[in-house]
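Below: one structure, written as structure tokens.
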Amino acid sequence: MLPNPSPVGPSITDTAVGCVLVLTAVVLTATGAVPFPKPLGVLADARGCHLAQFQSLSPQELQAFKRAKDTFEESLSQKAWSCRPRLFPRTWDLQQLKVWERPMALEAELALTLKVLEAMADSSLGDILDQPLHTLRHIHSELQACVSAQGTWALSMPRGRLHHWLQRLHDAPEKESLGCLEASVMFNVFRLLTRDLKCVASGDLCV
């Protein structure tokens, strides 16, 4: 009696299992069950995420920010102050981050900006910050929707430069004096609006 020949390829069972695994992976990826970075170009079209509208602000909105900044500078000229190192250095550029990381960095930057300006509105600058705060709150709410669309996995796994920047913003209220924090935020706001916001709103086109 001759021995049974050894199999030279995968059995029918192995092939069936392999097909099931491949099909499962395709279904999970297609339904979003497997977490992976979504490019902002996809997020921008997702429900509740409308960042393209912020690629440029209206002249009236920018003028309201300029009036607030000019008023702040006038009050600052009457004080002796020195702030080093800068909270937002010249090397702060969202283009250094991956496309899907940029909304998280901008959201943290906006959150700190709102916190500081809201406190200033209650004290030194008053009504002149009403329009800027209204604009920033609207941008922040839209941005939060886009960050949420990326999934909690992305929020819990910042790495490298993104982690460093988020930590820097988180620690700023404790490490910076109030005067330096206000100055840093106020002098950064135009760069935030015309560079960081425009970069995030442009998605994959910001290179």
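The values are calculated or read from the model by the stated rules, or taken from the named source; none is laboratory data. Quantities reported herein were computed from a predicted structural model and do not represent experimental measurements. In this analysis, Cβ positions are derived from the backbone assuming ideal geometry, glycine residues included, and neighbour counts consider all displayed protein chains. These area figures cover heavy atoms from the full protein model, side chains too; ligands, DNA and RNA do not enter into them. Shrake-Rupley method; radii C 1.70, N 1.55, O 1.52, S 1.80 Å.
Can R137 be described as open to solvent by 20 Å² or more (accessible area, probe 1.4 Å), farther than 19 Å from F88 by Cβ and out of contact with any Ser or Thr (no Cβ under 9 Å at 6 or more places or on another chain)? So R137 passes the test.
Results for (1) part of a helix (DSSP H, G or I); (2) under 16 Å from L192 (Cβ atoms); (3) at pLDDT below 95; (4) in contact with a helix residue (DSSP H, G or I) (Cβ under 6 Å, 6 or more places away or on another chain), shown as yes or no for each residue.
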{"position": "P103", "(1), (2), (3), (4)": "yes, yes, yes, yes"}
{"position": "A111", "(1), (2), (3), (4)": "yes, yes, no, no"}
{"position": "L114", "(1), (2), (3), (4)": "yes, yes, no, yes"}
{"position": "A119", "(1), (2), (3), (4)": "yes, no, yes, no"}
{"position": "S123", "(1), (2), (3), (4)": "no, no, yes, no"}
{"position": "R137", "(1), (2), (3), (4)": "yes, yes, no, no"}
{"position": "E142", "(1), (2), (3), (4)": "yes, yes, yes, no"}
{"position": "S148", "(1), (2), (3), (4)": "yes, no, yes, no"}
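For I128, work out the one condition from (1) more than 24 Å from S56 (Cβ to Cβ); (2) open to solvent by 40 Å² or more (accessible area, probe 1.4 Å); (3) of a type in the set (A, V, I, L, M) it doesn't fulfil. Among (1) more than 24 Å from S56 (Cβ to Cβ); (2) open to solvent by 40 Å² or more (accessible area, probe 1.4 Å); (3) of a type in the set (A, V, I, L, M), the lone unmet condition for I128 is (1). Total residues in region 172-207 satisfying the condition of being more than 17 Å from the chain's Cα centre (by Cα) and charged (D, E, K, R): the figure is 4.
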